[in-house]
Number of protein chains: 2
Amino acid sequence: MNKDLPPARIKLRIEFGGLRLGPGKADLLAGIDELGSISAAGRRMKMSYKRAWSLVEEMNAGFAAPLVDSARGGAGGGGASLTDAGQRVLALYRALERRVTEDGRPETDALAAMLADISGQT
Amino acid sequence: MNKDLPPARIKLRIEFGGLRLGPGKADLLAGIDELGSISAAGRRMKMSYKRAWSLVEEMNAGFAAPLVDSARGGAGGGGASLTDAGQRVLALYRALERRVTEDGRPETDALAAMLADISGQT
């Protein structure tokens, strides 16, 4: 049986001065885009309502134009959507991720091939 | 005056099953290569002796061939060096980093250009 290479999970964090952009914020933006709601997007990530809002506020303050347009509602939360800036930031982050996950496949495969074969240990 | 784009700091973490490889372990490998000592490499990173050893043991166990060859010494620590596998893992990690920092420059520049201009706030 050929040795299957274990899949690599990539976590990319970009820091500009005080602002951090990583997988959590990117997935939150993607969830808002998909679900139309900050609280629903946060819930899907097992993130508290407060935490999801706080990340959105941090992103909206860190960029010149807000990334998320929202009507803060009651317990259910108002609707929310990505602005053009939000779509663009998410797309740029995903493009950077692909630099590693797709373009970097030769390196991640080479690393994977060097791992100890845990499953086959005797 | 042209707006200078704030520099992006990239943190890349690769996870294979239980093994994580990120900037801390990569810098530790680079320090061992440069300084010839696990404790000196850890000290330069403000890492405890115990933590530096623990990261090295984790890497040596996670890969099929050890990454660091060392003579565990006394308080001063014995000498240590990277094996061929260690050199290779470090080079592969740095190559993946460059996928983002160099090849990904268009994206990081585009993100930086979208940031709120904190310094110029009125």
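Among the candidates A:11, A:25, the residue that is basic (Lys, Arg) and not in a helix (DSSP H, G or I) is uniquely A:11. For residues that are free of Cβ contacts under 8 Å to residues at least 12 places away in the same chain and in contact with an Asp or Glu (Cβ under 7 Å, 6 or more places away or on another chain), tally how many sit in the stretch B:1-40. Final tally of qualifying residues: 1. Taken over the stretch B:8-34, residues that are farther than 21 Å from residue A:7 by Cα and facing chain A (nearest Cβ under 8 Å) amount to 3. Listed by first and then second residue, the pairs linking a residue in the stretch A:88-116 that is farther than 30 Å from residue A:60 by Cβ to a residue that is among the charged types (D, E, K, R), with Cβ atoms under 8 Å apart and 6 or more places separating them unless they lie on different chains, are A:103/B:99; A:103/B:103; A:104/B:99; A:107/B:99; A:110/B:88; A:113/A:3; A:114/B:88.
If you go through the stretch A:63-99 and keep only what is modelled with pLDDT of 95 or more, farther than 18 Å from residue A:31 by Cα and not in a strand (DSSP E or B), you end up with A:64, A:65, A:96, A:98, A:99. Being over 23 Å from residue B:12 (Cα atoms), in contact (Cβ under 8 Å) with a residue 12 or more places away in the chain and among the acidic types (Asp, Glu): is that true of residue A:69 here? It is true that residue A:69 is over 23 Å from residue B:12 (Cα atoms), in contact (Cβ under 8 Å) with a residue 12 or more places away in the chain and among the acidic types (Asp, Glu).
Might you check whether a residue that is surrounded by 14 or more Cβ atoms within 10 Å (Cβ to Cβ), in contact with a helix residue (DSSP H, G or I) (Cβ under 8 Å, 6 or more places away or on another chain) and within 14 Å of chain A (Cβ to nearest Cβ) occurs anywhere in the stretch B:41-51? So far as the stretch B:41-51 goes, no, none of its residues is surrounded by 14 or more Cβ atoms within 10 Å (Cβ to Cβ), in contact with a helix residue (DSSP H, G or I) (Cβ under 8 Å, 6 or more places away or on another chain) and within 14 Å of chain A (Cβ to nearest Cβ).
The values are calculated or read from the model by the stated rules, or taken from the named source; none is laboratory data. In this text, all values refer to a predicted model and were calculated from it rather than measured experimentally. Note: ideal-geometry Cβ built from the backbone for every residue, glycine included; neighbour counts use all protein chains shown.
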